[in-house]
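Beneath this line is the structure, given in structure tokens, with notes to follow.
The values are calculated or read from the model by the stated rules, or taken from the named source; none is laboratory data. As the structure is a computational prediction, the values presented were derived from the model and not from experiment. Cβ: placed from backbone, ideal geometry, glycine included. Neighbour counts: every protein chain shown. Note: accessible area is taken over every heavy atom of the protein model, side chains too, but ligands, DNA and RNA are not part of it. Shrake-Rupley method; radii C 1.70, N 1.55, O 1.52, S 1.80 Å.
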Amino acid sequence: MKTILVPTDFSECSTATFPYAVLIAKKTGAKILLLHVLDVQGNTSDAPYMIAAMNTTKVRMQKLMREPILKGVEVTDAIEVGSISRKVNEAAKKHKADMIVMGTHGASGWHEAFIGSNAERIVRDADVPVLSIKNKIKNLKLENIIYATDFSEETFIVFPIIKKIAQTIGAKLDLMKVVTRIDFETTRETQKSINRFKKKAGAQEHSVFIYYDDVKQEGIRGYANTMKADMIALGTHGRHGLSHFFNGSIAEDLVNHSPLPVLTINIHKKLMKPEVEIQSQKKSSTRT
């Protein structure tokens with residue numbers, strides 16, 4: 001991991017992400033890129049306004065970069081003009097970020113920049129893993145991560161990335177599945193899918209737990225609370241709207257409402273393709 005992109009609107013919520021970004025940066029040797037997006041909405045043609053806004057932002061960014069929490073890591077900054085969600089994801093590509101660490105006010109109704117809609121769009125469209133943080137945690141640690149999965153074929157693609165992140169930051173990774181009344185299955189069926197997943201994904205050393213609840217996202221939050229997890233990880237189809245366990249609503253609901261940091265990875269994005277290609281190459285070489 002080389003670059004962690006941290007969007008900021010200078011609010012307390014966005015600066016609450018700094019401890020997490022710094023912790024990950026120190027564990028991986030990555031640098032932190034602070035990004036502010038000027039969402040000027042129609043004022044781009046007003047030259048004096050734009051110059052004043054840019055100058056003010058530069059001053060605030062320089063002050064932010066001197067925050068004591070950021071000491072000990074390399075920090076750079078960038079300022080973009082335009083749509084917040086679009087510019088964040090464009091900046092991630094431009095600067096080759098390995099992860100986005102962002103704050104979200106969730107469904108609080110506050111009017112700062114990173115309210116639910118912007119956070120959701122970033123999660124949907126990101127090419128890289130996104131760590132969303134809603135609350136400031138007093139006793140910061142990233143020791144226990146749970147990967148919420150349904151053990152379907154698609155989740156094999158996400159697992160190696162989550163596993164690598166867990167290993168990189170030195171965290172224990174457990175797997176869990178929520179079973180509801182709507183998608184109820186027998187113990188035999190569940191165990192079969194778990195065994196298949198563990199074998200195919202190389203997850204034999206990871207513990208797996210089944211949690212029963214009426215709603216999947218409530219089950220994920222409930223299990224995370226019971227196990228005193230430090231982070232929830234899951235895959236999402238983002239804006240594709242596929243009718244599957246990991247459709248956008250579940251990931252976005254967790255981003256907006258989970259008191260824990262939520263790591264989301266888009267199943268359909270290009271960053272997953274190398275894993276698929278590697279598996280395909282292995283199959284081809286086996287056949288020949």
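Quick look at the numbers
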read-out	value
Selection count where residues are at pLDDT 80 or above and closer than 16 Å to LEU254 by Cα, scope the range 99-117	4
Boolean, LYS96 is part of a helix (DSSP H, G or I), at pLDDT 95 or above, open to solvent by 10 Å² or more (accessible area, probe 1.4 Å) and touching a strand residue (DSSP E or B) at 6+ places or on another chain (Cβ under 9 Å)	no
Some residue of the range 6-27 being open to solvent by 20 Å² or more (accessible area, probe 1.4 Å), over 22 Å from HIS257 (Cα atoms) and without any contact (Cβ under 8 Å) to a residue 60 or more places away in the chain	yes
Test: residue in the range 211-225 that is over 20 Å from ALA251 (Cβ atoms) and hydrophobic (A, V, I, L, M, F, W, C)	no
Qualifying residue in the range 219-229 (condition: buried (at least 21 other Cβ atoms within 10 Å of the Cβ), assigned to a helix (DSSP H, G or I), among the hydrophobic types (A, V, I, L, M, F, W, C) and at pLDDT 90 or above)	yes
From PHE151, PHE159, residue being open to solvent by less than 60 Å² (accessible area, probe 1.4 Å) and on the phi > 0 side of the Ramachandran plot	PHE151
Complete set of residues in the range 50-76 that are open to solvent by less than 80 Å² (accessible area, probe 1.4 Å), assigned to a loop (DSSP other than H, G, I, E, B) and on the phi < 0 side of the Ramachandran plot	GLU67, VAL73
Selection status of THR180, open to solvent by 60 Å² or more (accessible area, probe 1.4 Å), more than 29 Å from ASP127 (Cβ to Cβ) and in contact with a strand residue (DSSP E or B) (Cβ under 9 Å, 6 or more places away or on another chain)	no
Filtered residues of the range 117-134 (kept if more than 13 Å from LEU263 (Cα to Cα) and either aromatic (Phe, Trp, Tyr) or open to solvent by 60 Å² or more (accessible area, probe 1.4 Å) (or both))	ARG121
Odd one out for LEU33 among (1) surrounded by fewer than 14 Cβ atoms within 10 Å (Cβ to Cβ); (2) in contact (Cβ under 8 Å) with a residue 12 or more places away in the chain; (3) not in a helix (DSSP H, G or I)	(1)
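Results for (1) more than 27 Å from LYS96 (Cα to Cα); (2) of a type in the set (Val, Ile, Thr); (3) under 17 Å from the mean Cα position of the chain (by Cα), shown as yes or no for each residue.
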{"site": "SER132", "(1), (2), (3)": "no, no, yes"}
{"site": "LEU142", "(1), (2), (3)": "no, no, yes"}
{"site": "ILE165", "(1), (2), (3)": "no, yes, yes"}
{"site": "ALA171", "(1), (2), (3)": "no, no, yes"}
{"site": "SER193", "(1), (2), (3)": "yes, no, no"}
{"site": "LYS199", "(1), (2), (3)": "yes, no, no"}
{"site": "PHE209", "(1), (2), (3)": "yes, no, no"}
